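Engineer: I'd like to ask you about the structure that follows.
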Amino acid sequence: MIRDAEGARDELRAALLGVGVVLPTLRLDAASVAGEDPRPLVELGRCSPEVARQLAAALRRCALHSTYERNRQGAGSAP
C-alpha cells in the first residue's frame with residue numbers, strides 16, 4: 001500500500017514536472033502511513049501563488065486539449 005502511494009506520488013511529481021510545475025512539499029502524509037492499518041494519502045502541500053498559477057494554467061491547457069479531442073472525435077461520427 002505504501003509503495004503504491006509512493007509510486008503515485010512519483011508519477012504525479014513527474015507529470016507536474018513535465019508541464020513545468022514543481023510542488024516543493026509533495027510527499028506522503030506521515031499520519032496516514034502510521035499505525036497497524038495504514039491508509040496512505042499523497043499530500044500536495046503548500047506552494048507559492050506563482051506555482052499555483054502555473055498549476056492552474058497546466059490544468060486549463062489539459063482541459064482545452066481534452067475538449068478539442070472530444071469535439072474532433074465527435075465531428076467524424078454520424079448523428
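Engineer: State all residues of the range 1-59 that are of a type in the set (Lys, Arg) and in contact with a helix residue (DSSP H, G or I) (Cβ under 6 Å, 6 or more places away or on another chain); if no residue qualifies, say none.
Structural biologist: Result: ARG39, single match.
Engineer: Quick check on LEU17: is it at pLDDT below 95 and open to solvent by 70 Å² or more (accessible area, probe 1.4 Å)? I'd like the intermediate steps shown before the answer.
Structural biologist: On the way: at pLDDT below 95: yes; open to solvent by 70 Å² or more (accessible area, probe 1.4 Å): yes.
Criteria met by LEU17.
Engineer: Separate question: Can you tell me which residues in the range 67-79 are open to solvent by 100 Å² or more (accessible area, probe 1.4 Å) and not in a helix (DSSP H, G or I)?
Structural biologist: Answer for the range 67-79, where residues must be open to solvent by 100 Å² or more (accessible area, probe 1.4 Å) and not in a helix (DSSP H, G or I): just PRO79.
Engineer: Report, by residue number, each residue of the range 24-34 that is within 17 Å of the chain's Cα centre (by Cα) and loosely packed, with under 11 Cβ neighbours inside 10 Å.
Structural biologist: Within the range 24-34, PRO24, THR25 meet the criteria.
Engineer: Here are the criteria: (1) without any contact (Cβ under 8 Å) to a residue 12 or more places away in the chain; (2) not in a loop (DSSP other than H, G, I, E, B). Tell me which single one ALA5 does not satisfy.
Structural biologist: (1)
Engineer: Another one. Which residues, taken from the range 1-14, are surrounded by 10 or more Cβ atoms within 10 Å (Cβ to Cβ) and closer than 23 Å to ALA58 by Cβ?
Structural biologist: Answer for the range 1-14, where residues must be surrounded by 10 or more Cβ atoms within 10 Å (Cβ to Cβ) and closer than 23 Å to ALA58 by Cβ: ALA5, GLU6, GLY7, ALA8, ARG9, ASP10, GLU11, LEU12, ARG13.
Engineer: Something else about it: Of all residues in the range 22-34 being among the β-branched types (Val, Ile, Thr) and not in a helix (DSSP H, G or I), which is nearest to MET1 (Cα to Cα)?
Structural biologist: Filtering first and then ranking leaves THR25.
Engineer: Can you give me the number of residues within the range 35-66 that are open to solvent by 60 Å² or more (accessible area, probe 1.4 Å) and either more than 17 Å from LEU12 (Cβ to Cβ) or in a helix (DSSP H, G or I) (or both)?
Structural biologist: 14
The values are calculated or read from the model by the stated rules, or taken from the named source; none is laboratory data. For clarity, every value in this text was computed on a predicted model and none was experimentally measured. For neighbour counting, all protein chains shown are included, and Cβ atoms are generated from backbone atoms with ideal geometry for every residue, glycine included. Protein only, heavy atoms only, side chains kept; ligands, DNA and RNA dropped before computing areas. Shrake-Rupley method; radii C 1.70, N 1.55, O 1.52, S 1.80 Å.
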